[in-house]
1. When you go through (1) at the interface with chain A (Cβ under 7 Å from one of its Cβ atoms); (2) under 28 Å from residue A:559 (Cβ atoms); (3) not in a strand (DSSP E or B) one by one for residue B:44, which number turns out not to apply?
2. Does residue B:34 fit the bill of being under 12 Å from the mean Cα position of the chain (by Cα), within 10 Å of chain A (Cβ to nearest Cβ) and part of a loop (DSSP other than H, G, I, E, B)?
3. Give, as residue ranges, the strands (runs of 3 or more DSSP E) completely inside the stretch A:19-103 that count at least 1 residues that are hydroxyl-bearing (Ser, Thr, Tyr).
4. Please work out which residue is farthest from residue A:800 (Cα to Cα), limiting yourself to the stretch B:1-12 and to residues that are facing another protein chain (nearest Cβ under 7 Å) and either in contact with a Ser or Thr (Cβ under 6 Å, 6 or more places away or on another chain) or surrounded by fewer than 22 Cβ atoms within 10 Å (Cβ to Cβ) (or both).
5. Could you check how many residues of the stretch A:609-620 are under 23 Å from residue B:20 (Cβ atoms), of a type outside the set (A, V, I, L, M, F, W, C) and crowded, with 16+ Cβ neighbours inside 10 Å?
6. Every residue in the stretch A:454-466 that is more than 18 Å from residue A:379 (Cβ to Cβ) and not in a helix (DSSP H, G or I), please.
7. All but one of (1) part of a loop (DSSP other than H, G, I, E, B); (2) within 7 Å of chain A (Cβ to nearest Cβ) hold for residue B:20; state the number of the condition that does not hold.
8. Can you list the strands (runs of 3 or more DSSP E) lying wholly within the stretch A:596-703 that have 2 or more residues being at pLDDT 95 or above and closer than 30 Å to residue A:799 by Cβ?
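The values are calculated or read from the model by the stated rules, or taken from the named source; none is laboratory data. Quantities reported herein were computed from a predicted structural model and do not represent experimental measurements. All Cβ positions, glycine included, derive from the backbone under ideal geometry; neighbour counts span all protein chains shown.
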Amino acid sequence: MTEKLVIVGNGMAPGRMLEHLLEAAPGRYQITIFNAEPRVNYDRIMLSPVLSGEKEYEEIVIHGDGWYIKHGITLYKGHKVVAIDRHARTVTSGHGVTESYDKLVIATGSVPFIIPVPGKDLPGVLSYRDLDDVSAMLVAAQSRDRAVVIGGGLLGLEAAAGLKERGMDVTVLHVMPTLMERQLDPAAGYLLQKAVEARGIKVRTKANTRQILGDGKVEGVELDTGEIIPATLVVMAVGIRPNIGLAREAGLEVNRGIVTDDRMVTSDPDILSVGECTEVDGRVYGLVAPLYEMAKAAAAHLSGSENRRFIHSDTPTKLKVTGIDLYSIGDFADGEDREEIILRDASAGIYKRVILQENRIIGTVLFGETGDGAWFNELKKKATDISEMRDTLIFGQAFQGGVSADPLAAVAALADDAEICGCNGVCKGTIVSTINQKGLTTLEDVRAHTKASASCGTCTGLVEKIMTLTLGDSYNPAAIQPMCSCTELGHDEVRRLVKAKALKTIPAVMQELEWKTSCGCAKCRPALNYYLVADWPDEYADDYQSRFINERVHANIQKDGTYSVVPRMWGGVTSSKELRAIADVVDKFAIPTVKVTGGQRIDMLGIRKEDLPAVWADLGEAGFVSGHAYAKGLRTVKTCVGTDWCRFGTQDSTGLGIRIEKFMWGSWTPAKLKMAVSGCPRNCAEATCKDIGVICVDSGFEIHFAGAAGVDIKGTEVLGLVRTEDEALEAIVALTQMYREQGRYLERIYKWARRIGLDEIRRQVMGDPDKRKAYYDRFVFSQKFAQVDPWAERVSGKDKHEFRPMAIAAMQEAAE
Amino acid sequence: MMNWLDIGTIDDIPQRGARCVKTPQGKIGIFRTHDDRIYAIDDHCPHKGGPLTQGIVHGAAVTCPLHNWVFSLETGKALGADEGTVRTIPVRVTDGRISIALGEMLLAAE
């Protein structure tokens, strides 16, 4: 019979323990998890990137719901365990669920330490431990008001950087004279403070909080000097305490944490403890690498093996703030028997210090340039005698033994047992052999099989270099395709950073995201221009010099340098007056070709550029506006005649098409957007191969999307069925806005949908009325600035220079 | 002998933009970079005759609007994998006014 395993807590340590256990002893246990948080297991180390906007919650989930189902695990979300009965061998949750166990694992983690000052319970005082804290901070950050972070350690600084990225005015209060004093020496602490201040974050050291002020909500922080710092948000990040209340009440032996042996077994042989709540050999831990070691030891014990035991090792500290590189490990205090080697480069902001004892490294502090951290750590772990290379040690691995400064060569020179991933304890040899044995070719595969770079991700570059060395040219490290050769960043990263860093001009994007060229290229500039137009409709000034010629002059360039002009014909409906006006324009300007387009309108081809404003003036007088036939934007809405004329029509398809077109014209989208409305399933408007289409039926409107009829041919997918025209319009507009916000430049809607997932799109647009409304409102807001007829603007003189030669060198002048 | 022809001021051209000058021998493109350097090259791509003044200007280069060939404004040479050259025309800027040298070309035309 299978034994019952119950786990209290669903953080990273028990999650990892289960992975090992399911591999070593699949099917041995019937597993039940109680999670006080109402969600699955996610990567807590990545909360800071979520706060700063560089990642989203979905990206940091470790085990999705499907994983629990696949392994037959019962997960009680939002159930906090309130009692353990060791005699009956049961646990009971706050919601009254009782489960019996054969083996119990306590993984209750830690609780934030709240300094006991008046005002600590006011609304607006938060800690920084879980996703709920991050969500609360994001809400508070919308005010763009002032925030105070109490605590200048790892978490406090990451919180401060994230809040600053979100637009808040942030002050960090730290009680000690220098930041992160437990991990950094004063020199590095000083450089860190300068780097933090350079981001516009204020830092106050030696700052003691006397009380938090406020009447009903936070209004400020008072220091013991009497000084008051106004704030609407206070984040306490002064430290954590193992969460041992449950274990203590159950009568288990506790000290600072729940006391275990090196198999993670507590004073009760059937109860184990892993994670931050655990004390082993007198130590408690807060970084992930030792917690994963606990997970391995616990899994081994639960699967009946006793040969894997927990061994203490130092863990390097790294800060996850984009643009601030620091690394520290080991012991860096001064001492009589200790020597140190220091390298400083003030202008580059670099500081390196290696602490030696009897010619062996015992500690390392690196700031500004941390590439050699792993190498120093390797020398420290192996207690290598460094006297031979002492003169050049501080310059790093590249200077030793004639190894070139090529970063690939530096990785090639690492020994097989050199640790690459500190979080997961993965060494180089393991990565190489796993790649070879399993035939891995992508970073995702390597992460899945080895866990290397799967937690905090700072070693991703190293892992990729190992893949390049192992796979040769067959590995393309650009798992993320860069936008163009001006940057290493992909479209998605750029879009996210544009929002997160509130970048509102092309020069700002290029500066902040470290573009490699002075002013971009013909690939990235139009993309950036679109992203800024889409993300900051009211603030961004459209940069016409970054638009492709067609969008710059609002006509389509032809092979001979002339242009074609397509006026809008709403829903494909025209009149004798309109046709007469077109005929007059064609005669007046001797336009050589007039053609009916596939989008139910009329194209005039072969117009000289100089004539464009005059052509538009005449068309404008007849009531025409630009058809945007040249735009990465809304093109046409094709329709059939519907109930107006057709004996099969079920709805007013022409009317709906015109309504959609009048509502949405002028909007820019990642790529062109073509739509159609058919009045019945016979589908005369061919709506089922469009970017967005509507098929009218008796009961309402079936909304389709993600079709293609170009290089690729693809029928549409159904988004959903709605009853009224109003609902149809809202859903179509919301879908378009979602695509506008997420699509990569030049990515048609069917490719975007394949990338995001049809279900996800349906869930957000059809299944979540709040989301739908929010998308809809953002589109409507953006239209306030977009619905300006570009032709009329140019007729009245905008961009005159575009349509005239700068000078004409006449014959007689030239003949002088 | 250089025959300098005044064609206008630097402000007539947008930054990262171009204008064309019509001459009896075809159009010449005058380009202004993001840092206000001025270049003149034939407004005619050697590939399929695209009007280079209609392209996107980036650094000291322009991308042809028809098929995305990229040309150096300094040398007139195609950059990247493509091969071809556009003629460059001498240009000078004095007190914000731009002149191009048409002399040789027109003398040759006589």
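1. (1) is the only condition that residue B:44 fails.
2. Criteria not met by residue B:34.
3. A:29-35, A:74-77, A:90-93, A:98-100
4. By that ranking, first place goes to B:5.
5. Here the count works out to 3.
6. Quick first cut of the stretch A:454-466, residues more than 18 Å from residue A:379 (Cβ to Cβ) only: A:454-458, A:460-461, A:463-466.
Matches in the stretch A:454-466: A:454, A:455, A:456, A:457, A:458.
7. With respect to (1) part of a loop (DSSP other than H, G, I, E, B); (2) within 7 Å of chain A (Cβ to nearest Cβ), residue B:20 is out only on (1).
8. On the way: elements: A:602-607, A:634-639, A:673-678, A:692-697.
In the stretch A:596-703, the matching strands (runs of 3 or more DSSP E) lie at A:602-607, A:634-639, A:673-678.
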